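Reading through the structure tokens given below for one structure.
The values are calculated or read from the model by the stated rules, or taken from the named source; none is laboratory data. This structure is a prediction, so every number in the text was calculated from the model and none was measured. We place every Cβ from the backbone using ideal geometry, glycine too, and count neighbours over all the protein chains shown. Only protein heavy atoms, including side chains, enter the accessible area calculation; ligands, DNA and RNA are left aside. Shrake-Rupley method; radii C 1.70, N 1.55, O 1.52, S 1.80 Å.
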Amino acid sequence: MTATELPVPLLIARQAAATPDATAVLGPEGELTYRQLDQRARAVARELAAAGAGPEDTVLVGVGRGADWAVAVLGIWYCGAALLLADPATPDERLRTLLAAAGTRYLVAVDHAAAADLQLRVGTELFWAATTDAETRCADFVPARPAPGALAYVLFTSGSTGAPKPVAVGHPGLARQAHVLAERYGLTGADRVLQFAAPAFDVSLEEALPTWCTGGAAVFVADNMVSPGELEPFLAGQRISVVNLPTPYWAQWAKDVERRPRPLPVSLRRVVIGSDAGRTADVRRWYGAGGPPVTSAYGLTESTITATCHEARAAALDGAADDDEVIPLGVPLPGVRAYVLDEELTEAADGEAGELYLAGACLARGYHGRAALTAERFVPDPFTEEPGQRMYRTGDRVRRAADGTLRFLGRADDQVKVRGHRVELKEVEAAVGALPDVVDVVARAVTHLGEVQVAAYVAAAPGRTPDAAELRRELSARVPAHLVPAHLTVLPRLPRTPGGKLDPRALPEIAAG
């Protein structure tokens, strides 16, 4: 079995055997060597396996960022089970929904108190294991070898039907992704890679797994809400060499170093950006400040995170006329096929607009327990002779240049990106519409102060005049922050045409504040 085929947990176990004393994790709680990470993960795996967890079972990763998260992830895989990636701080009602949809009966928490608290919040007894188990010598526990196509993790994304969609990602796609990106970014055991993404965001796996498969150290920042200027001393002090940042955050950094010129951390050799569209103007600013090379990554949870990359080189900007131009999506990674298709699923000519479909080894297995939804979005691939191949409809409109570079044109539906999160407006409407005093709601994407935001307009029940701020507070207790509209306007009724359709032109402008 080649390195590209060996499942990620076995690659990490192999690395732990090869470099046991090298640093694997640096976090607020301290440092873990590869030996310590491996042993603690085996202890977690032993407890989960004793409780019955195994292949195709999902286990809630009930810990926050840091060393315990690393132990939980590897321990779940060592027992042969799959991760359920979710933020432990998610509102209780939402967490119960995710556990039920994923059929989760197992949990990894920091300790007994944390496990008891999570079980109380979700109202369900779960079999659990602790990342801080006192007995960590489990050398006799042999990590499970995932079967071909076995489930690696489940991650929920926003759903157009109003319910979150559980994306099921298999080990083969994850192994390919870790290998390809480690090679593309030139990762070695000397690298110290920033762990910045939220633990429930799949980019967190993209930061950690290629790093651990090549013997480097994943360095967790305690707070990923700090400003770029506040992050710089941490990068310099920890000698970080590679960062993977949300595009809006990096754009903020580029603007800041243009306003306040200063040397950037000398250890930083590569910046990866993604989760949103970037602009040429910010690339100019970044390289003008002496920043290291920037790779713009594009992908979706359904494509096992990154599917295409574009190297935003400074030389390529010479003579560029439009500073507001969107950074290209780039070209597919090895093992990924990208099609630009019209409504009849016919390939568009170079330069013509079409919808992007992705295919190949990158694809997730589908939506966990949702066969009909899987069949709707993962359709047969008519462009290959290999039987059983599928392609995923991304909903992104693109055009392909003569050199194969894909350029983003916009969405083909009403999905938007909010702080890097995919948000379906229908899910926002469903969440707002479930509030007691709301009888009608519509959500729209608006651009406010240069940022794409969600605005919701609601009609209240007769005789009720709910306060918009109170509705937002109530909603915040039910759903993640990215599903809470930035603007919420209460109206006597929503403007509709005689046929009952919403009249968007009659909606009031959002408040300037």
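Contact map, region 48-61: first residue farther than 18 Å from L155 by Cα, second residue part of a strand (DSSP E or B) and hydroxyl-bearing (S, T, Y), Cβ cut-off under 8 Å, separation 6 or more or different chains; pairs are L48/Y106; A51/Y106; A53/Y106. Taken over region 13-29, the criterion of being in contact (Cβ under 8 Å) with a residue 40 or more places away in the chain and more than 24 Å from R65 (Cβ to Cβ) is satisfied by A18 alone.
A quick yes/no check of all residues on (1) touching a residue at least 24 places away in the same chain (Cβ under 8 Å); (2) surrounded by 15 or more Cβ atoms within 10 Å (Cβ to Cβ); (3) touching an Asp or Glu at 6+ places or on another chain (Cβ under 7 Å):
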| position | (1), (2), (3) |
| --- | --- |
| L356 | yes, yes, yes |
| A375 | no, no, no |
| D437 | yes, yes, no |
| D440 | yes, yes, no |
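Quick check on region 187-206: of everything there that is closer than 13 Å to V243 by Cβ and among the β-branched types (V, I, T), which residue is surrounded by the fewest Cβ atoms within 10 Å (Cβ to Cβ)? The selected residue is V203. Condition check for P328 on (1) open to solvent by 30 Å² or more (accessible area, probe 1.4 Å); (2) within 21 Å of R279 (Cα to Cα); (3) part of a loop (DSSP other than H, G, I, E, B); (4) in contact with a strand residue (DSSP E or B) (Cβ under 8 Å, 6 or more places away or on another chain): one failure, at (1).
Exactly one residue among R478, R444 is open to solvent by 30 Å² or more (accessible area, probe 1.4 Å), in a strand (DSSP E or B) and in contact (Cβ under 8 Å) with a residue 60 or more places away in the chain, and that residue is R444. In summary, strands (runs of 3 or more DSSP E) completely within region 332-434 and bearing 1 or more residues that are closer than 30 Å to P466 by Cα and of a type in the set (V, I, T) occur at 415-418, 421-424. Each residue in region 331-352 was checked for being among the small types (G, A, S) and out of contact with any Gly (no Cβ under 9 Å at 6 or more places or on another chain), and 2 pass. Residue check: L107 meets all listed conditions (1) closer than 19 Å to W212 by Cβ; (2) touching a Phe, Trp or Tyr at 6+ places or on another chain (Cβ under 8 Å) but one, namely (1). Annotation note: Cβ proximity below 7 Å between a residue of region 188-216 that is under 14 Å from A70 (Cβ atoms) and a residue that is among the aromatic types (F, W, Y) and part of a helix (DSSP H, G or I) (sequence gap 6+ or interchain) occurs for P199/W69. The criterion of at least 3 residues that are within 30 Å of R35 (Cα to Cα) and open to solvent by 10 Å² or more (accessible area, probe 1.4 Å) is met, among helices (runs of 4 or more DSSP H) falling completely within region 207-306, by 228-237.
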